[in-house]
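Asker: Handing you a structure now.
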Amino acid sequence: MLVLGGTTEARALAARLSARGLQVVTSLAGRTSAPLEVEGTVRVGGFGGTSGLSTWLSSSSPGVVVDATHPFAARMSGAAAVACAAAGVPLVRLLRPGWTAGPGDRWERVASLDAAAARVDAVGSRAFLAVGGGGVAAFAGVRAWCLVRSIEPPDAPLPAAGEVVLARGPFGVGDEVALLRRWAIDVVVCRDSGGPLDGKLTAARTLELPVLVVDRPPPPPGVPVVGSVDAAVGWVTGPR
Ligand code: NAP
C-alpha cells in the first residue's frame, strides 16, 4: 500500500500497518532536510503531478492508497483523488479533526492565507506567523512586524520587518507563552492544522491574544475521509 505522508499520523499508520506484515511505501515530498524515521519503505520527492502519480500507480500497483498528508496539502490530495480514480485504486483520506475554539479563545476564522494577510494589520502590529514555510509569502505585503516560525527556511518573499525562527514542534505551552511575550506579539496567525490543541493556541488563550485561524481547503469530493489512525487501519484492513 501507498501512504502519502509527511505527518505524524502517516508515520503512526506506517508503523501500525508494517507491524501487521503489510508492505507499506510511504511517500514524502522531501521538504524537510532531516525527516523523522518511518517504518517500511520510503520514497522521497514529488511524483510529477497527476500524470506522474498515475505512472507510479501503474508500475507499483498498490492495493490501496491512504492520503495522510497535511490538511493543507491540497495539491497532493487533489492529484491522489484524480489518479486513484483513474487507476481504480481505492483511496482514503486520513484527515485529523480540525480545532474548535473554547472558552477564552479570541479566534477569528479566515478563509485563506491571503485573507489572513489582508486582515492581520487591522488586528495587530506584531504578528506571530505559524503558517508553514510555504505560507509566509502571502504576508509579504503586510505592515505588521512578523515573527515567522517554520521547520525549514520560509519561501521568499518575506514580510518587510520581522524575524525568522527555525524550529520543529511540538512546542510546550510554557515555551510558547515565553516566546509570545519575548517578541511582544499581539496577534497570532495559524492554519487549522487540527489534532491535539497545540501550545501556541493555549498560549494565545493564556495571554488573551487574538488568533487568525485559516480554514482548511475542502478535501477532494468523492474520497472517503477517516479522522484517526485507528480508523485508517480499520479501513485498510477491513472490508470495503
Ligand atoms: P502540496 O501543496 O499539496 O504539494 C505540492 C507538491 O509537493 C505536490 O504537487 C507534489 O509534487 C509534492 N508532494 C506533496 N506531498 C507529497 C508526498 N507526500 N509525496 C510526494 N510528493 C508530495 O503540499 P505542501 O503543502 O507543499 O506539503 C508538502 C508535504 O509536506 C506534504 O506531504 C505534507 O503532508 C507535508 N506537510 C505539509 C505541511 C503544510 O504545512 N502544508 C505541514 C506538515 C507536513 P508533484 O506534483 O511533483 O507530485
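Asker: What percent do you get for the relative contact order of segment 1-107 when only Cα pairs under 8 Å and 6+ apart count? Numbers along the way, then the final one.
Answerer: On the way: 157 pairs, mean separation 28.7, N = 107.
Once normalised by length, the contact order is 27 percent.
Asker: What angle, in degrees between 0 and 90 and rounded to the nearest 10, separates the Cα long axis of helix 49-60 from the longest principal axis of the Cα atoms of the chain?
Answerer: It is inclined by approximately 40 degrees.
Asker: What number in nm² do you get for segment 104-240 if you take the convex hull of its Cα atoms and divide its surface by four? Numbers along the way, then the final one.
Answerer: Details: hull surface 38.1 nm².
Convex hull of Cα atoms, orientation-averaged projection: 9.5 nm².
Asker: Another one. Angle check, please: helix 8-19 long axis (alpha carbons) against the longest principal axis of the chain (alpha carbons), in degrees 0 to 90, nearest 10.
Answerer: Orientation of helix 8-19: about 30 degrees from the principal axis.
Asker: So who's got an amide H within less than 5 Å of the one on Leu212, skipping anything under 5 residues away but keeping other chains? H placed 1.01 Å off N, in plane.
Answerer: Those lying under 5 Å, H to H, from Leu212 are Glu108, Val188, Val189, Cys190.
Asker: Classify the chain from the C-alpha gyration tensor, please: rounded if a/c falls under 1.5, else prolate or oblate depending on whether a/b exceeds b/c.
Answerer: Prolate is the answer for the chain, as a/c is 1.5 or above and a/b outweighs b/c.
Asker: Right, something else. Cβ under 13 Å from Ala73's Cβ, Ala73 left aside: what net charge do those residues give with Lys, Arg +1 and Asp, Glu -1?
Answerer: Neighbour charge sum, excluding Ala73 itself: +4.
Asker: Let me ask something additional. Taking H as built 1.01 Å from N, whose amide H comes closer than 5 Å to the amide H of Ala160, not counting residues under 5 places away?
Answerer: Sorted by chain and number, the residues that satisfy this are Val142.
Asker: For the chain, what relative contact order do you get, as a whole percent, if you take Cα pairs closer than 8 Å and at least 6 residues apart?
Answerer: Numbers: 470 pairs, mean separation 50.1, N = 240.
That works out to 21 percent.
Asker: Once the other residues with Cβ under 12 Å from the Cβ of Gly199 are scored (Lys, Arg +1; Asp, Glu -1), what is the net sum?
Answerer: 0
Asker: If each residue's Cβ is checked for other Cβ atoms within 10 Å, how do Arg11, Arg143, Arg126 rank with the fewest at the top?
Answerer: The fewest-first ordering by Cβ neighbours comes to Arg143, Arg126, Arg11.
Asker: Starting with the fewest neighbours, write out Leu17, Leu180 ranked by other beta-carbon atoms found within 10 Å of each beta-carbon.
Answerer: Going from least to most buried by this count: Leu180, Leu17.
Asker: Measure out, as a whole number of angstrom, how far apart the alpha-carbon centroids of segment 114-148 and segment 182-240 sit.
Answerer: One Cα centre to the other: 19 Å.
Asker: I want the local charge near Glu208. Using Cβ-Cβ distances under 12 Å, sum +1 for each Lys or Arg and -1 for each Asp or Glu among the other residues.
Answerer: On the way: positive: Arg106, Arg205; negative: Asp105, Asp186.
So the environment of Glu208 carries a net charge of 0.
Asker: Here's something else I'd like to know. What ³J(HN,Hα) values, in whole Hz, does the Karplus curve 6.51 cos²θ - 1.76 cosθ + 1.60 give for segment 108-125 when θ = phi - 60°, with x put for Gly and Pro?
Answerer: Result, rounded to whole Hz: 10, 7, 10, 7, 7, 4, 4, 5, 5, 5, 5, 9, 4, 5, 7, 9, x, 10.
Asker: Rounded to the nearest 10 degrees, what's the angle between the helix 74-87 long axis and the longest principal axis of the chain, both from Cα atoms, 0 to 90?
Answerer: 10
Asker: Distance between Cα centroids, segment 61-75 to segment 160-181: provide it in whole Å.
Answerer: Segment 61-75 and segment 160-181 have Cα centres spaced 29 Å from each other.
Asker: Under a Cβ-only charge scheme (Lys and Arg +1, Asp and Glu -1), can you give me the dipole magnitude of the chain about the Cα centre, in debye to the nearest 20?
Answerer: 220
Asker: Can I ask one more? Can you list the residues, at least 5 places off or on another chain, whose amide H is less than 5 Å from the amide H of Val3, using H built in the peptide plane?
Answerer: Val25, Thr26, Ser27, Val66
Asker: Can you sort Asp215, Asp198 so the residue with the fewest Cβ neighbours within 10 Å comes first?
Answerer: By the 10 Å Cβ count, ascending, the order reads Asp215, Asp198.
Asker: Still on this model: So for the chain, taking the charge dipole from beta-carbon charges (+1 Lys/Arg, -1 Asp/Glu), which of Val177, Leu129, Gly78 sits furthest toward the positive end?
Answerer: Comparing the listed Cα positions along the dipole, Gly78 ranks first.
Each value in this text was obtained by applying a stated rule to the coordinates, not by laboratory testing. Every value quoted in this text rests on a predicted model; they were computed, and no experiment measured them. Counting neighbours? That spans all protein chains shown, and the Cβs are built from the backbone with ideal geometry, glycine included.
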